[in-house]
Amino acid sequence: MTRHYSLLSLIKEGFANQKGWKPAWRSPEPKSKYDAIIIGGGGHGLATAYYLAKNHGITNVAVIEKGWLGGGNTGRNTTTIRSNYFYPESAALYERSLQLYEGLSKDLNYNVMFSQRGVLTMVHSKGEMEIAARLVNAMQINGIDSELLDVEACKKIVPLYDFSANSRFQVLGGVWQGRAGVARHDAVAWGYARAADRLGVDIIQNCEVTEFLIEGGRCRGVMTSKGPIRSDKVSLSVAGNSSQMAAKAGFRLPVISYTLQACVSEPVKPILDTVVLAPATATYVSQSDKGELVIGGGIDRVPSYAQRGNLPALEVVLSGLMEMFPTVGQLKLMRQWGGVVDVTPDSSPIMGESPLPGLYLNCGWGTGGFKSIPVGGEMTAYMMANGKHHDLTRPFDLDRFQTGRLIDEAAGSGIAH
């Protein structure tokens, strides 16, 4: 059976009528005990399993997924990847993720279609320009590529944008990060799943965790729809359902869940080769490799676990798009979806051991979940393997809500979230 993806393998399988490919991952029945259990078969959970096996040699690992791989937020986002954050702690975390993305296709032997086409955040007022300058200075001090552009430089990058004197939101400049970009969301999940499976990880789909096994004040495993599965190390990577799972473990998280919706247009020829955010219009947009415009905006301001948005919120997002690109007003919308994002009071993630010893948290990424998949998995694997924080994750421990050392990155999302 052919396992390695290469040009030679494609030619070989072409002559064999494509019948020699080994399945990307197995579908085993769960064992009674593992060295580590990861709840959630999205990007973060699969990445955690992969890095546990690759970096720490822990291969007796189970990934337990209630539905199917990537059926949650991993497949319900706008695929933007960037590290243009203000505070050093956030910058270091997201920059590490961007670095991992840059080598991910080669590392996984799976093309995740990471395209570093850059992200341009428009600036619409003198006050915003001052804040933009501070952001660029902070990013450069933190070693992250960034530029403060004037309006003429913005025109060269996005000539289709409405820079006319009659536009409602005049553009004065922009913040540019050239290494940022987009990736194929399902390819990221499938690539991690395939690589983890090859290292011996069991990926168990359609298996719901119903409760935690707690003995002697520690987490000793989980009860599932396929029976009990024991382990002294369990992680929670269930974006959109983190607070509900925490309640089953007996503690509360400072998390509120909202729906973040997005949509795509019908495909057109290439007209946009970067990601454009306009905070004034609460809209961001890019163009997929298939030609569709991928459009996102702010969250629906009603706490919800529904994987769908409401039409008034969608109308706001599309009104913003019309302010940015009036020429696309005749395009038809093809699909619309919603993802459930877990938002913390300071819009930064929660990572570390939970109040229930033996249970590790990887949650609260808000709208930054997709871009943080590699680092979320790498860091959670480190914590589970070593029983302590990595230097990158220590500032994001749950205890910051007791000490008050918050990392307020509400503005880091670019759009009000």
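The values are calculated or read from the model by the stated rules, or taken from the named source; none is laboratory data. All values reported here derive from a predicted model rather than from experimental measurement. Virtual Cβ from ideal backbone geometry, glycine too; neighbours counted across all protein chains shown. The accessibility values were calculated without ligands, DNA or RNA, using every heavy atom of the protein model including side chains. Shrake-Rupley method; radii C 1.70, N 1.55, O 1.52, S 1.80 Å.
For this structure, a couple of remarks:
- Angle between the chain longest axis and helix 311-324 axis [Cα atoms, degrees, rounded to 10]: 50
- When both the range 84-155 and the range 184-258 are represented by their alpha-carbon centers, they are found 31 Å apart.
- A Förster radius of 45 Å combined with the Cβ-Cβ distance from Val268 to Gln99 puts the calculated FRET efficiency at roughly 0.85.
- Among beta bridges that DSSP assigns inside the chain, antiparallel share in %, nearest 5: 70
- Radius, Kirkwood style, for the range 138-276 when every pair of distinct Cα atoms is counted (Å): 20.7
- Percentage relative contact order, the range 220-357, counting C-alpha pairs under 8 Å, at least six apart: 30
- The 3J(HN,Hα) values that the Karplus relation (6.51, -1.76, 1.60; θ = phi - 60°) gives for the range 400-407 are, in residue order, 5, 7, 9, 7, x, 7, 6, 10 Hz. Gly and Pro appear as x.
- Taking amide H positions as modeled 1.01 Å from N, with prolines and chain starts lacking one, the residues under 5 Å from Ile350 and 5 or more places away or on another chain are Cys363, Gly364, Trp365.
- Gaussian network model of the chain, springs between alpha carbon atoms under 10 Å - residue of Lys269, Lys155, Lys54 with greatest fluctuation: Lys269
- Accessible area of the chain belonging to carbon and sulfur atoms, whole % at 1.4 Å probe: 53
- Take the chain with all the other protein chains still there, run a 1.4 Å probe, and you get 43 Å² of accessible area per residue.
- Build a GNM of the chain with springs between Cα atoms under 10 Å apart, and of Gln177, Gln18, Gln99 the one that fluctuates most is Gln18.
- Computed [θ] at 222 nm, helices only, for the chain once each DSSP H run of length n ≥ 4 contributes -39500 (n - 2.57): -8500 deg cm²/dmol
- Kirkwood hydrodynamic radius of the range 201-349, from the reciprocal of the average inverse Cα-Cα distance over all distinct pairs: 18.1 Å.
- Computed P(r) (all Cα pairs; the range 152-225; 10 Å bins; percent): 13, 20, 19, 14, 15, 16, 3
- HN-Hα J in Hz across the range 8-21 - Karplus 6.51, -1.76, 1.60, θ = phi - 60°, x for Gly and Pro: 4, 5, 4, 5, 4, 6, x, 6, 9, 6, 6, 9, x, 6
- Our estimate of slack between Glu147 and Thr327, defined as 0.36 nm per intervening residue step minus the Cα-Cα distance, is 62.0 nm.
- Spatially, the range 59-74 and the range 8-47 are offset by 12 Å when compared through their Cα centroids.
- Helix 373-386 axis, angle to the chain major axis (alpha carbon atoms, nearest 10°): 30
- Using equal-weight Cα scatterers in the Debye expression, the normalised intensity of the range 32-138 in log10 at q = 0.11, 0.21, 0.22 Å⁻¹ is -0.51, -1.25, -1.30.
- Fluctuation leader among Met351, Met245, Met334 - the chain, Gaussian network, Cα springs under 10 angstrom: Met334
- Above-threshold pairs, the threshold being 32 Å between Cα atoms, out of Lys12/Lys371; Lys22/Lys248; Lys19/Lys371; Lys22/Lys290; Lys126/Lys332; Lys106/Lys233: Lys12/Lys371; Lys22/Lys248; Lys19/Lys371; Lys126/Lys332
- Debye, to nearest 20: dipole size of the chain, +1 on Lys, Arg Cβ, -1 on Asp, Glu Cβ: 1120
- Compared with the alpha-carbon gap, the fully stretched path from Glu208 to Ile131 is longer by 23.2 nm at 0.36 nm per residue.
- Principal-axis tilt of helix 126-141 within the chain, Cα atoms, nearest 10 degrees: 40
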